[in-house]
Amino acid sequence: MIQVNCAAAFEMRRAINVAQWFTWPRYERPPSTGIAWPPYKETPKPPDLSELKRLKQTGFDTVRLPVDPAPFFVFEGEQQQFVYKRLFDAIDRIQSAGMNVIVDLHPNSRHPVWGQHAMIKGVGTPAFDKFSDLIEDMARRLSSRHQNVALELINEPRLKCKGDDQAKWDALAKTLVDRARKGSPDLTLVLTGACVSSFEGLLALDPKKFGDDKIIYTFHFYDPFSFTHQGAQFIPWPDKYLDEVPWPASARPMEQPLAKTLQRVAEAKIDTLDRDKASVGAQANLKKFYASKADREFIRDRFARVSEWARENGVDPARIFIGEFGVLKKRPGLAGALCEDRDRWLKDVRVTAEEFGFTWAYFNYDGPFALLVDEKKRNFDPSILAALGLGKETKACRD
């Protein structure tokens, strides 16, 4: 077991995101900006105690639990206490399974009032001040559990990691750390860089500005994006039309995914002008992917830069946390990565991370990146577990 070297003795090695439990409040329809009661949805079904115990038995030791903070702002009094109780009941359930918890404050990227863009407008703005208050209160409430719980201050800040934006993020991050420490001197904190938690964002962050050895530094890894998010219908970029892009890039000639991609564009329910743009954009991204010759060395190069950043800043590699990594699953009739390509990428990321001494969290338990094979049967994908080093090598690759 890798131990994060801090007084809180928070230990973590292999985590899994359970990202849909608290990330989609029941927002009222626009133009209303409220939240319906009760605030968090029960679909998809959160894992019960037996599922969490199976995750523990499989080899996961920590759950990263993304939490949209908006209900904590919108509701007051008894309703707010109910929201806290629901979160802490979930934490209790996870801990009852013998697992640690990272409470990841995860603002919605689109909500106009309490979404992420509002949160990062600047120190002294209404949303950020509310968010800072929540950070302090949440840290205080989690303080008594500090050996088994960590607090991630914010997910994927949408600021550039250079120039004025980086200076702005430095000020925001310092404020959040200070407010968390006011709530708890011992709680382990998880802090990201800007640039939507990319490794470039982490490299732009200066740990000396915080002077806190109870901070775990995190980044997310979905590179190359044209591979991990091929077929993702929730993104606006032409990668949503890419299909059966291989890993590594040399695994199959470009003609194969190109044919599949052009077929997806042709089948898309969009007008002629948009279809032409989608075709040009998808082909350009596919050509760029092949030109990169992306393989395990592509991953190693990026992780080596993070490792060097950690060495230069006196950060123990065990305090480097890949908070998310995953590949969109190919589903019947839809675009996506083939199972064998997905599993090769997952294994390459996981093995390389462990070689550098980083900890990690697979994304995700359910949804389009799911460890679950079936939402009803609740069984785990054996090929994903094998790629994560948590199961035997298997030929049972499922698309």
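Quick notes on this structure:
- Stretching D133 away from L203 to a fully extended chain increases their span by 22.4 nm, per 0.36 nm per residue minus the current alpha-carbon distance.
- Here the spin labels are modelled as points 7 Å beyond Cα on the Cα-Cβ line, and at R300 and D271 they lie 5.0 nm apart.
- The mean sequence separation of alpha-carbon pairs under 8 Å and at least six residues apart, normalised by the residue count of the chain, gives a relative contact order of 16 percent.
- Loop-resident GluC sites (Glu not before Pro) (DSSP state other than H, G, I, E or B) in the range 1-109 with no more than 16 further Cβ atoms inside 10 Å of their Cβ: E28, E42, E76.
- Whole-number D in µm²/s for the range 94-172 (Stokes-Einstein; Kirkwood sum over Cα pairs; 10 °C, 1.306 mPa s): 114
- Partner lysines for K240 [C-alpha distance under 25 Å; skip if fewer than 8 residues away on the same chain]: K160, K260, K269, K277, K287, K288, K293, K329, K330, K347
- Heavy-atom accessible surface of the range 36-136: percent carbon and sulfur, 1.4 Å: 53
- For the chain, the solvent-accessible area works out to 42 Å² per residue, with a probe of 1.4 Å and every protein chain left in place.
- Cβ charges +1 (Lys, Arg) and -1 (Asp, Glu), total dipole of the range 8-101, debye: 360
- Set of aspartates and glutamates near K377 by C-alpha distance (under 16 Å), chain-local residues within fewer than 8 positions excluded: D48, E51, D366
- Candidates L142, L258, L189, ranked by Gaussian network fluctuation over the chain, Cα under 10 Å, top entry: L258
- In terms of its Cα atoms, the range 1-85 spans 49, 30, 23 Å along the principal axes, sorted from long to short.
- Over all distinct Cα-Cα pairs of the range 284-398, the Kirkwood formula returns a hydrodynamic radius of 15.5 Å.
- Taking W237, W247 and ordering them by how much accessible surface each has at a 1.4 Å probe, largest first, produces W237, W247.
- Heavy-atom accessible area order for S279, S197, largest first, 1.4 Å probe: S279, S197
- The chain: C-alpha gyration tensor shape, a/c 1.5 cut-off, then a/b vs b/c: rounded
- Cα point-scatterer Debye curve for the range 103-145, base-10 log of I(q)/I(0) at q = 0.20, 0.26 Å⁻¹: -0.63, -0.89
- Computed from label points 7 Å out along Cα-Cβ, the spacing between N379 and Q233 is 2.6 nm.
- Acute angle (nearest 10 degrees) that the helix 339-355 long axis makes with the longest principal axis of the chain, alpha-carbon atoms: 50
- When you work out D = kT/(6 pi eta Rh) for the range 1-152 at 37 °C and 0.692 mPa s, using the Kirkwood radius from C-alpha pairs as Rh and the Stokes-Einstein form, the result is 201 µm²/s.
- Inter-label distance, D92 to E355: 4.5 nm, where each label sits 7 Å from its Cα along the C-beta direction.
- GNM remark for the chain: springs join alpha carbons under 10 Å apart, and the peak mean-square fluctuation among A370, A97, A268 falls on A268.
- Within the accessible area of the range 190-293 (1.4 Å probe), percent carbon and sulfur: 57
- Magnitude of the charge dipole for the range 221-377, about its Cα centre and with charges confined to Cβ atoms of Lys, Arg (+1) and Asp, Glu (-1), is about 240 debye.
- Percent of C-alpha pairs per 5 Å bin, the range 155-198, short to long: 6, 24, 27, 21, 14, 8, 1
- Spatial separation of Cα centroids for the range 44-108 and the range 302-329, in angstrom: 25
- Counting only alpha carbon atoms, the long axis of helix 49-58 and the longest principal axis of the chain meet at about 70°.
- Between the helical axis of 77-96 and the longest alpha-carbon principal axis of the chain there is an angle of about 60 degrees.
- Residue-averaged [θ]222 nm for the chain, counting only DSSP H segments that reach four residues, each worth -39500 (n - 2.57): -12500 deg cm²/dmol
- Gaussian network model of the chain, Cα within-10 Å springs - most flexible of I16, I235, I299: I235
The values are calculated or read from the model by the stated rules, or taken from the named source; none is laboratory data. These numbers were taken from a predicted model, which means no experiment stands behind them. So basically every Cβ, Gly included, is an ideal-geometry build from the backbone, and we count neighbours across all protein chains shown. Remember, those area values only see protein heavy atoms, side chains included, never the ligands or the DNA or RNA. Shrake-Rupley method; radii C 1.70, N 1.55, O 1.52, S 1.80 Å.
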